[in-house]
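The structure appears right after this line, and notes come after that.
What follows draws every value from the coordinates through simple rules; no lab data is involved. Bear in mind the structure is a predicted one, so any value in this text is a computation, not a measurement. Because the Cβ atoms are built from the backbone with ideal geometry, glycine has one as well, and the counts that use them run over all protein chains shown.
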């Protein structure tokens, strides 16, 4: 028997010993016993595959080397019987040999590939007989032709793999055949023998190219058009159809095609990359056209919202690495689209805000008053603007996939807020009959804007937010001043009597409280929370006026008796003032504490006790100055200059070591001589 490089080929010496000869071209089927291997066969490890528990019935083990046959054959087991009884000789299972053509007909491409590889190994062993050359060349040509037939069948199967009625068994077998052929390519690369003309056949590369062409074709001619194209532009309809095709095909890959491939191929991500690249290429062409605003927004939504959302569907997310795919469009194409979208949104926002303010101005100029709700003046300005800002920025965050970019829509809001302030200033300056009503309504607008800027700061760029809050603070202060100034003018004659001798001896403060209560009625009309802030401001200003008049020193407290009387008077005034303003809505409880502490200083006689009380007052209100303390102690005319100096030194030491405090400013508003 003659041994070749790849195994035993049937040579002349073998045939002379009556060993089995190769099949004739007309032979299509034969049988043999599995009990032993005939001479001239050897175990053959099929290249490129191992046994798999999933993704199809991946073959395992070894197959027998077949003799050369003109078109290739495979075998299956059969059992023969005689008269219904198994003879001892026939009890062993027999193999039915399927030809290459029969395997093709059954879509058994893996088995067909095995037959061709076996023929290839036989044909390209060492040829020792010159008279075999002609037949060898003929069989090589036949084998090349069969490889071509198998390749066409496999490619056709790949091209059908995403159809709903795809033959999954055929696809599984085709994939096995491709990997077998790839392994055989590798074996040929490791030998110095002359290769067949078809080696390497590079079917792995052909497989990848075929999938690429398949994906291109399905995205060029989507079979799943948009469900509702009414009202859509041609760009929207085209993108939507491609998107639906992509989604349906990836679901098909994950649910069906994946099972036809070995797990290590990661076929789901292979297809995902192909669809991502193809979809991206189509969108690049769309982006280059110079899109209308509506189409620009739609394209951005696909890039940043719809496509990422599609890949996050549970069925796909478990098999596809969406993060590795990246963005559908590169920055150089995205940035112009984003600028176009943001410019349009910003223009719409600014235009709308200007219109809202113009409507409010027109209403004021026409002498109309704002509408009332529950007896309070209200304005829709803040609500309308806030709703639009919130909607636009929230939508832009989704469209752009970036909050910071979305915030830039409000980049010019501080300028429009300044326009709002200018409008309010004009309302107060002209002081028309309806100006107070508009100012009270605007207090509600200011509060709404402030709450939004504070609680929903993510809608705004930080510098814009701070600028707007500063403008709103100025607006609130000026509105309070506009509403309260006339009231203080009415109360000024009674303020002048505070801190005088009559103040200690007559019920002057009682009259002041009655006047304050009457004036408060004129301040009604803003929403409850705004009215409370206004009352708190009024409460503070009256208290400041009280302390300022007291520290002017018109009343002389020459002895303990008068100092005790001043203590009682200031304490009672503090209680009654606090009671009135709390009843009217003020939340400034701390103002009562200031007057009580001042009263305590007036009452105390011993220097150490006065030092402690002043230190306590300075710790609570760090804006207390030596001038304030000096003016307060001068009321006690029996208190020496040296003692005053000691107390002031105590205050200085206290303020030096005092930590931060949340106390609002008070004494800085009390001017003393």
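How high is the FRET efficiency from residue 496 to residue 294, r the C-beta distance, R0 51 Å, rounded to 0.05?
Between residue 496 and residue 294 the formula returns 0.15.
If I model a spin label at residue 359 and residue 518 as a point 7 Å from the Cα along the Cα→Cβ vector, what separation in nanometres do I get?
4.1
Over all directions, how big on average is the projection of the convex hull of the alpha-carbon atoms in the range 333-476, in square nanometres?
8.5
Rule-of-thumb check for the range 312-417: C-alpha Rg over 2.2 N^0.38 Å? Before the final figure, lay out each step's value.
Working: Rg = 20.3 Å, N = 106, 2.2 N^0.38 = 12.9 Å.
Against the compact-globule rule of thumb, the ratio is 1.57.
Evaluate E = 1/(1 + (r/R0)^6) for residue 463 and residue 284, where r is the Cβ-Cβ distance and R0 equals 56 Å; express this FRET efficiency to the nearest 0.05.
0.95
Let's test this: bin the Cα-Cα distances of the range 496-669 at 5 Å from zero up to the farthest pair and state each bin's percent.
Taking all Cα pairs of the range 496-669, the binned fractions are 1, 8, 17, 20, 19, 15, 10, 6, 3, 1, 0 percent.
Taking the simple approach of a point 7 Å from Cα along Cα-to-Cβ for both residue 489 and residue 135, what is their distance in nm?
My value for the distance between the label points is 12.8 nm.
Decide, for the range 212-329, between rounded, prolate and oblate: order the square roots of the alpha carbon gyration tensor eigenvalues as a ≥ b ≥ c, take rounded if a/c falls under 1.5, and otherwise choose prolate if a/b is larger than b/c, else oblate.
In terms of gyration-tensor shape, prolate.
Work out how much length residue 649 to residue 212 would gain on full extension: take 0.36 nm times their residue separation and subtract the Cα-Cα distance, in nm to one decimal.
On the way: separation 437, 0.36 × 437 = 157.32 nm, distance 8.82 nm.
Extra length available between residue 649 and residue 212 comes to 148.5 nm.
Fully extended, how many nm does the chain gain between residue 508 and residue 559 (0.36 nm per residue separation, minus their Cα-Cα distance)?
16.1 nm
Suppose R0 equals 45 Å. What FRET efficiency, 1/(1 + (r/R0)^6) with r the Cβ-Cβ distance, do residue 671 and residue 612 give to the nearest 0.05? If you can, show how the numbers build up before the last one.
Details: r = 27 Å, r/R0 = 0.59.
That gives a FRET efficiency of 0.95.
Where does each of 204-213, 285-294, 542-551 land if you order them by average Cβ count within 10 Å, highest first?
Sorting 204-213, 285-294, 542-551 by mean packing, highest first, produces 542-551, 204-213, 285-294.
In nm, to one decimal, how far is the residue 620 label point from the residue 638 one, both placed 7 Å along Cα→Cβ?
2.6
For the range 505-545 and the range 560-622, what is the separation of their Cα centres, given in Å?
Each part reduced to its Cα centre gives a spacing of 19 Å.
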